[in-house]
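Everything below concerns the one structure shown next.
The values are calculated or read from the model by the stated rules, or taken from the named source; none is laboratory data. Quick caveat: nothing in here was measured; it's all calculated off a predicted structure. Here the Cβ positions follow ideal geometry from the backbone for every residue, glycine too, while neighbour counts run over all protein chains shown. Accessible surface areas use protein heavy atoms only, side chains included; no ligands, DNA or RNA. Shrake-Rupley method; radii C 1.70, N 1.55, O 1.52, S 1.80 Å.
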Amino acid sequence: MINGKPLYLGVRGQWSFSDDQVFDLVRKTVRAQRAFWNDYNVKFYTVGLLPLKYENENEREVDGRGFSNTFVTAGTNTKALGLDDLTFLYNHELMHHWFGHILKQAEPENAYKWFHEGFTDYFAHVAMLDGGLFDQEAFKKRINNVFSVYYSDSTHQWPNEKLQNDYWSSPAIKILPYQRGLVFAAYLNESIKKYSRGTSSLKQVVQHMLAEARLYNKPFSVDRFLQLLKETSGQDYAPIVERFITQGSFIAMADWEKVTDKVVLGPTEVYDLGFTTDKGGIGMNARLTSFTEGGDAQKVGLQVGDVMVGFKSDFKPTSYASITVKRGEETLKFKYLPSRRIMVPQLK
Ligand SMILES: [Zn+2]
């Protein structure tokens, strides 16, 4: 029971965690989110957890779908799937009760993913912090991780129209509205706080939209959102939405500095091959032509003129790549970190 409203969990199968552990997670999540919005207007809520067929114990897959007053999860009940895999899934998905169920999605759906997915993700994190599901450090780490991935690649500045039309074309495009929306929500919150002289926040503006959605049953509207932002802060946010959402430009450090001193430049590692070749990149018999200054590829002893005969990497900046080269008569093998350090906006 949460404020007198029943919460049910249905579990099928044996999992790497106990039924009580999942129920505890679900209860904490629902309690934190309802307290966050001060909204207990739900007669009952049910979460289901069903096993998916799998072939080996290393498989780790979980996803789910929301219905009214119900969320059904399906996952591989392997050793590899732990309770942590469910924590962010539930915190994101159950937040859709407010972004999706109460405040309905605007059409066309893919044009407003930045709001429905990005703001859901942002508020899922804020509600977790607020409800004690994790501490300030863990919150910062998660948010900064999103910032790092988002800012690490300048192609992430695709216009919203491209995201809308090509949404299903690649995993990078699919995840982008989540990241862009979260970063934008964090920025808006700081901006509203500044221009309202601390009397309002993004949460209050969203609460206003939620109250109206309950009354009039209308979907999310950018125009109404802009009106409320203006009433709250005295600012016209239309050019801001145009720049950072419609056009997709990054919120630059200079933009952050205008609204807060809580965001500063910090280092993050991004994937970098570490060298160039006469074939433009990786390739059989490609000859190394130059190195990323100060990079690991150079430090481990690779040399200009080495001829690549083998290469293995999972293209992550944190896992070692291995390269085999011919140098004269010798065949040499090196392991190195394919990464480069860049500076991106981060929460202080
Ligand atoms: Zn979602």
| Reach of LYS348 by Cα under 18 Å, taken over lysines that are not fewer than 8 positions away in the same chain | LYS140, LYS141, LYS193, LYS194, LYS258, LYS262
| query | Separation between the GLU242 and MET343 pseudo-spin-labels, each 7 Å from Cα along Cα→Cβ, expressed in nm? | reply | 3.1 nm
| field | Cβ-derived FRET efficiency at R0 25 Å, HIS101 paired with ARG12, nearest 0.05 | value | 0.50
| query | At what distance in nm do the modelled label points of LEU226 and GLU212 sit from each other, each positioned 7 Å from its Cα along Cα→Cβ? | reply | 1.3 nm
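Answer rounded, prolate or oblate for the stretch 100-261, using the Cα gyration tensor with square roots of eigenvalues a ≥ b ≥ c: rounded when a/c is under 1.5, else prolate when a/b is larger than b/c, else oblate. Walk me through the intermediate numbers first.
Numbers: a/c = 1.26, a/b = 1.07, b/c = 1.18.
Rounded, because the longest to shortest axis ratio a/c is under 1.5.
Does the chain come out rounded, prolate or oblate, given a ≥ b ≥ c as the square roots of the eigenvalues of its C-alpha gyration tensor, rounded meaning a/c under 1.5 and, failing that, prolate meaning a/b above b/c?
Numbers: a/c = 2.38, a/b = 1.46, b/c = 1.63.
Taking the square roots of the gyration eigenvalues as a ≥ b ≥ c, the chain is oblate.
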| query | What is the helix-to-structure angle for 136-151, meaning the angle in degrees between its Cα long axis and the longest Cα principal axis of the chain, kept from 0 to 90 and rounded to the nearest 10? | reply | 60 degrees
| task | For the chain, give the percent of accessible area contributed by carbon and sulfur heavy atoms, probe 1.4 Å, rounded to a whole number. | result | 49 percent
| message | For a Förster distance of 51 Å, can you work out the FRET efficiency between the beta-carbons of LEU332 and ASN3, rounded to the nearest 0.05? | response | 0.15
| said: Are there any chymotrypsin sites (Phe, Trp or Tyr not before Pro) in the stretch 160-195 that are in a DSSP loop and have at most 12 other Cβ atoms within 10 Å? List them by number. | reply: TRP168
| 222 nm [θ] for the chain, helices only, -39500 (n - 2.57) per DSSP H run of 4+, per residue, to 500? | -12000 deg cm²/dmol
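Determine, from the Cβ-Cβ distance of ARG197 and VAL300 and an R0 of 45 Å, the FRET efficiency 1/(1 + (r/R0)^6), rounded to the nearest 0.05.
Working: r = 54 Å, r/R0 = 1.21.
It comes to 0.25.
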| Residues of the stretch 99-121 with amide N under 14 Å of a point placed 7 Å along Cα→Cβ from ASN145 | none
| remark: Given GluC sites (Glu not before Pro), DSSP loops and at most 10 other Cβ atoms within 10 Å, the longest exposed-site-free stretch of the chain is 56-292
| task | Counting only C-alpha contacts under 8 Å and six or more residues apart, can you give the relative contact order of the chain as a whole percent? | result | 13 percent
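In whole percent, what relative contact order does the stretch 100-261 give with Cα contacts below 8 Å and a gap of six or more residues?
On the way: 162 pairs, mean separation 53.1, N = 162.
Relative contact order, the stretch 100-261: 33 percent.
Send over a whole-number figure in Å² for the accessible area per residue of the stretch 100-261, probe 1.4 Å.
Working: 7520 Å² over 162 residues.
Using a 1.4 Å probe on heavy atoms only, each residue of the stretch 100-261 averages 46 Å².
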